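First the structure, in the form of structure tokens, and then the observations on it.
The values are calculated or read from the model by the stated rules, or taken from the named source; none is laboratory data. The shown structure was predicted, so the numbers you read here are calculated from the model rather than taken from an experiment. With ideal geometry, Cβ positions are generated from the backbone for all residues, glycine too; neighbour counts draw on all protein chains shown.
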Amino acid sequence: MIIAEKVSDVKAAVRQWKQAGESVGLVPTMGYLHEGHASLIRRAREENDRVVVSDFVNPTQFAPNEDLEAYPRDFEADCRLCEQLGADLVFHPEPKEMYPEGFHTGVSVDVLSKELCGKSRPIHFGGVCTVVTKLFHIAEADRAYFGQKDAQQLAIVQRMVRDLNYNIEIIGCPIIREEDGLAKSSRNTYLNPEERKAALVLHRSLELGREKMEAGERDAKVLLDAISSEIEKEPLARIDYVQIVDWNELQPVEQLAGKVLCAMAVYIGKVRLIDNFIFEA
Ligand code: PAF
């Protein structure tokens with residue numbers, strides 16, 4: 001497995017693969033890999049001749065008050081996992097390799113970036129779109145793999161690729177959960193044992209919403225009230241948002257119709273966690 005820190009080293013490896021007619025699957029990550037990332041890497045391994053994993057905590061998607069410095073990192077463990085899973089290359093650049101002096105270009109997707117996480121993280125998705133654009137080009141990826149846990153990110157990247165005619169297929173993969181239902185996330189490691197228990201309220205309240213939808217409830221306000229009340233029963237939880245939006249434009253709906261995303265961000269103590277499900281009404 002190649003470990004590359006320079007863009008030019010990734011390009012050199014990819015050039016050889018492409019000359020041999022091989023396809024490349026890219027798994028963009030910020031490292032501290034867990035079973036959720038592993039599922040993306042396994043899928044990429046199945047569907048491509050070559051697999052590139054990027055391992056880069058991207059500074060441009062963090063606002064100054066967010067957890068950039070504290071974001072968990074363990075590059076050696078990441079490499080071990082990538083090797084076990086059969087990745088061909090791990091790209092681990094320094095920030096200045098990705099954003100050299102004089103870097104002034106950004107990519108952003110309007111409308112879809114403004115709801116849900118975009119309300120409290122207004123610069124986040126611009127940073128994501130810019131870095132994944134760079135990664136798509138550097139790896140010359142045929143396919144890129146994203147988890148549905150970051151459903152808004154997945155929808156935005158899919159829209160960017162469609163709107164700007166990128167030559168890449170975006171593959172959305174299911175949320176991977178702990179046995180008790182908590183969605184896997186690198187940020188779960190910030191939780192102390194009491195908060196870890198409290199964090200189950202995200203999945204529990206979403207399941208309550210899903211049951212009501214399956215039983216025929218279509219009024220978004222009724223559903224959101226039920227979900228929010230369940231969260232409010234947990235003293236350590238503070239809601240950032242709970243929303244039901246249409247999957248196409250990510251705009252709030254009043255009545256459920258077609259494909260909708262029910263998503264939330266909830267603070268458990270100081271840790272902001274997200275979770276969601278997609279429902280076909
Ligand atoms: O989902 C993430 O870990 C990041 O947003 C991504 C896609 C790797 C871009 O930095």
- Taking the stretch 117-146 and keeping residues at negative phi and not in a helix (DSSP H, G or I) leaves R121, P122, I123, A141, D142, R143, A144, Y145, F146
- Item | Single unsatisfied condition, E230 versus (1) among the charged types (D, E, K, R); (2) in contact (Cβ under 8 Å) with a residue 24 or more places away in the chain; (3) closer than 23 Å to D110 by Cα | (3)
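Test S8 against the criterion of being more than 10 Å from the ligand (Cβ to nearest atom), polar (S, T, N, Q) and closer than 23 Å to P95 by Cα, and give yes or no.
Numbers: more than 10 Å from the ligand (Cβ to nearest atom): yes; polar (S, T, N, Q): yes; closer than 23 Å to P95 by Cα: yes.
So S8 fits the description; yes.
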- Message: Residue under question is Y190, and the condition is that it be within 16 Å of the ligand (Cβ to nearest atom), at pLDDT 95 or above and within 21 Å of S23 (Cα to Cα); does it hold?
- Response: no
- Could you run through the stretch 242-271 and say how many residues are assigned to a loop (DSSP other than H, G, I, E, B) and touching a Lys or Arg at 6+ places or on another chain (Cβ under 6 Å)? 2
- Task: Within the stretch 58-80, identify whether any single residue is more than 26 Å from N276 (Cβ to Cβ), surrounded by 14 or more Cβ atoms within 10 Å (Cβ to Cβ), touching a residue at least 60 places away in the same chain (Cβ under 8 Å) and more than 14 Å from the ligand (Cβ to nearest atom), and answer yes or no.
- Result: yes
- The condition from (1) in contact (Cβ under 8 Å) with a residue 60 or more places away in the chain; (2) over 21 Å from the mean Cα position of the chain (by Cα) that A20 misses is numbered (1)
- Message: Please go through (1) within 16 Å of the ligand (Cβ to nearest atom); (2) charged (D, E, K, R); (3) closer than 15 Å to D275 by Cβ for R196 and return the number of the only condition it doesn't satisfy.
- Response: (1)
- Somewhere in the stretch 123-135, is a residue within 13 Å of the ligand (Cβ to nearest atom) and over 16 Å from the mean Cα position of the chain (by Cα)? yes
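When you scan the stretch 1-107 for helices (runs of 4 or more DSSP H) that lie fully inside it, which ones turn up with 2 or more residues that are basic (K, R) and over 28 Å from I175 (Cβ atoms)? Steps first, answer last, please.
Values: elements: 7-19, 35-47, 75-84, 95-98.
Answer list for the stretch 1-107: 7-19.
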- Message: Just to be sure I understand the filter: pairs with C-beta atoms under 9 Å, separated by 6 or more residues or on different chains, first member in the stretch 172-195 and within 27 Å of A144 (Cα to Cα), second member modelled with pLDDT under 95. Which pairs pass?
- Response: R187/D67
- Query: Which one of I244, I268 is touching a Pro at 6+ places or on another chain (Cβ under 8 Å) and crowded, with 21+ Cβ neighbours inside 10 Å?
  - Reply: I244
